[in-house]
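A short write-up of the structure that comes next.
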Amino acid sequence: MHAIEKLLAFKAGKKEVHAGEIVNCDVDYVGINDLYYQTVKSFYEMGGKKVWDPDKVILFFDHYAPCATEKQADNHKKFRAFAKEQGITRVMDIDKGVCHQLMADYGFAKPGEIVVITDSHTTTHGAFGAFGTGVGATDLAVILATGQLWFMVPRIFRINLVGKLPKGVYAKDVILHIIGKLKADYGVYKAVEFAGPVLKELSVSERMAMCNMSTEMGCKTSYIQPDEITMEYLKEHGITDYTIYETDPDFVYDADLTFDVSEIRPQVAVPFSVDNVSDLADYAGTPINQAYLGSCTGGRTEDFAVAASILKGKKIPTSTRMILVPASKAVLEACLAKGYIQTLLEAGATLTATGCAACLGIHQGLLAADEVCISSTNRNFPGRMGSVKGRIFLGSPATVAASALNGVITDPTPYLAGGER
Amino acid sequence: MEQVITGKAWKFGSNIDTDQIYPGIYVELTEMEDIRKHAMSGSEEPDLAQKFKPGEIIVAGTNFGCGSSREHAAMTLKGIGVGAVLAESFGRIFFRNAINLGIPLVICPGISKEVRKGDELKINFETGLVENQTTGKTMKAVPLSQYVMNILKSGGIKNLVREKLQNAK
């Protein structure tokens, strides 16, 4: 069996499970985003009275933080009342940040556990060897009522990453490249495991970016076998109780793919789909109105570090605005302590509240028709960041910063000092 | 759930994401009468909610409903009274959301080539036969698992959980 199958089998109280089988699993942590008050409505509509375990429920006020409309504020108000009524104490209010970053900051995403959040990017937690998957409001309500959810045991494919990452190429470029090759529906109903020697070069932050984006090729979940990098992170965050499952040597993958990262150059996803991927070089020089640095994909401390290194002592041209959205309060605090935010503000960037912000077109940096944005986020669908005629290019945080510097899409490689990759 | 339905087809392409089905800006809405108004408003048929008649059918290519987890994407289609959604494949969260709400989904390889906008379709959920009555062409759907069919036949998962909670007392 694969480690994911062993995990699901344990949580379903079974000895073994097989791909295609439907199992009911105990869930370790559930998260509800502020977008989905429907979760609470569904819970009561199905006859729920008390949530099965309030200590395992986390409310995240991230997509609307802070509220831009009265309706959003009303949803937050109702959520706070629900938390009080149900004895839910883990309420991540508007100051805290994006759910997936908070799961990592607080050590809630652990090897061997099932994490279900009302957000499609819950695949992020495969970076910790957890089974993370996104669901809708009513599925989440089923867990609130029963503590369990049904899953079809997924077929699992493996992506082996070999070679050496060239300077200026990051996990974001690698995953964009992979999605461009495999396409948006390759992983539908499946799980992906990332493996290979390149993982040793990838920090937890970069692993999270890669697992996060696996949903953009349809994957149900993602997995990286926990190693010393994972364990070091968990130790730093005070986490000691977890179970690491190992894949049996005779496990047969649905597909076993190899990508040589040495051949990858900085990538961009071109409007209007994430799998429409090109070498950045093909679009270099495209004028941009906005550079967006943030999100659960590309808004971590390392991302701000590289952006600050590129923009230190420089000025962003007046034709371009740069939006900064740290993924969480801890990220913001670390960036302030290191001076990254100050550097970026001096360069002319605009700091907004932590959270999901304009990544999904809610607030804090929307695009007008025909405007172009280079973004470290995860989606470039029509209308994703405002106008359906707004054009979003996705790239690495380094690409976002270099593009902000020049006001046009720019390969970051020449702007990196010796220290950066 | 009716065993056989017939209805006019509305046609969409591949990788229709949830932002096209239901733009993020409207996710703050919580009442069905508001949610239904924005069905497909980010797509190439932005006025679908006004034109769509209950019982009509949506046909799409691969990966329909990819993207975000917003249940509003399924809710809005239920709100306009969609008879069924036929696609070559579905985004997995949309798939679960729609089934949970009791919306019949049909995975039908090749469907997007065999159906044009306005064709009359007849779907038999029991046998999995999809007939394009306009062209006379018949196709076979991929059968849904018993588990999923049980949710659909119960009219959605809320009914099942309600029963389970009552039996536990």
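Readers should treat all values here as calculations from the given coordinates under stated rules, not as data from a laboratory. Being a predicted model, the structure only gives us computed values, none of them experimental. Quick reminder, even Gly has a Cβ in these numbers, built from the backbone with ideal geometry, and neighbours come from all protein chains shown.
Computed values, structure above
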item	result
Pairs from A:Lys49/B:Lys164; A:Lys56/B:Lys164; A:Lys49/A:Lys220; B:Lys53/B:Lys122; A:Lys200/A:Lys314; A:Lys50/A:Lys96 whose Cα-Cα separation, in the structure shown, is over 23 Å	A:Lys49/A:Lys220; A:Lys200/A:Lys314; A:Lys50/A:Lys96
Chain A - share of DSSP beta bridges that are antiparallel (%, nearest 5)	20
Rh by Kirkwood over Cα pairs, then Stokes-Einstein D for the range B:4-168 at 0.890 mPa s and 25 °C, µm²/s	155
Rounded to 5, the percent of DSSP beta bridges in the range B:71-159 classed as antiparallel	75
Hull shadow area, averaged, the protein assembly as shown [alpha-carbon convex hull, nm²]	24.9
Chain A: calculated mean residue ellipticity at 222 nm from DSSP helix runs of at least 4, using -39500 (n - 2.57)	-8500 deg cm²/dmol
Charge tally in the Cβ shell below 15 Å around B:Glu45, where Lys, Arg are +1 and Asp, Glu are -1, B:Glu45 excluded	+3
R0 of 41 Å, Cβ-Cβ distance A:Ile94-B:Val142: FRET efficiency to nearest 0.05	0.40
Förster radius 22 Å - calculated FRET efficiency between A:Lys312 and A:Thr350 (Cβ-Cβ, nearest 0.05)	0.80
Simple Cβ-charge dipole of the range A:1-148, Lys/Arg +1 and Asp/Glu -1, about Cα centre, in debye nearest 20	300
Charge tally in the Cβ shell below 12 Å around A:Ser222, where Lys, Arg are +1 and Asp, Glu are -1, A:Ser222 excluded	+2
For the range A:357-380 and the range A:89-108, distance of Cα centres in Å	23
Antiparallel bridges, percent of DSSP beta bridges restricted to the range A:267-415 (to nearest 5)	25
Proxy reagent accessibility, fewest Cβ within 10 Å first, across A:Leu345, B:Leu160	A:Leu345, B:Leu160
Residues in the range A:329-373 that a label on A:Thr69 would reach, taking backbone N under 14 Å of a point 7 Å out along Cα→Cβ	A:361-364
Under 14 Å, Cβ to Cβ, from A:Ser387 - net charge with Lys/Arg +1 and Asp/Glu -1	0
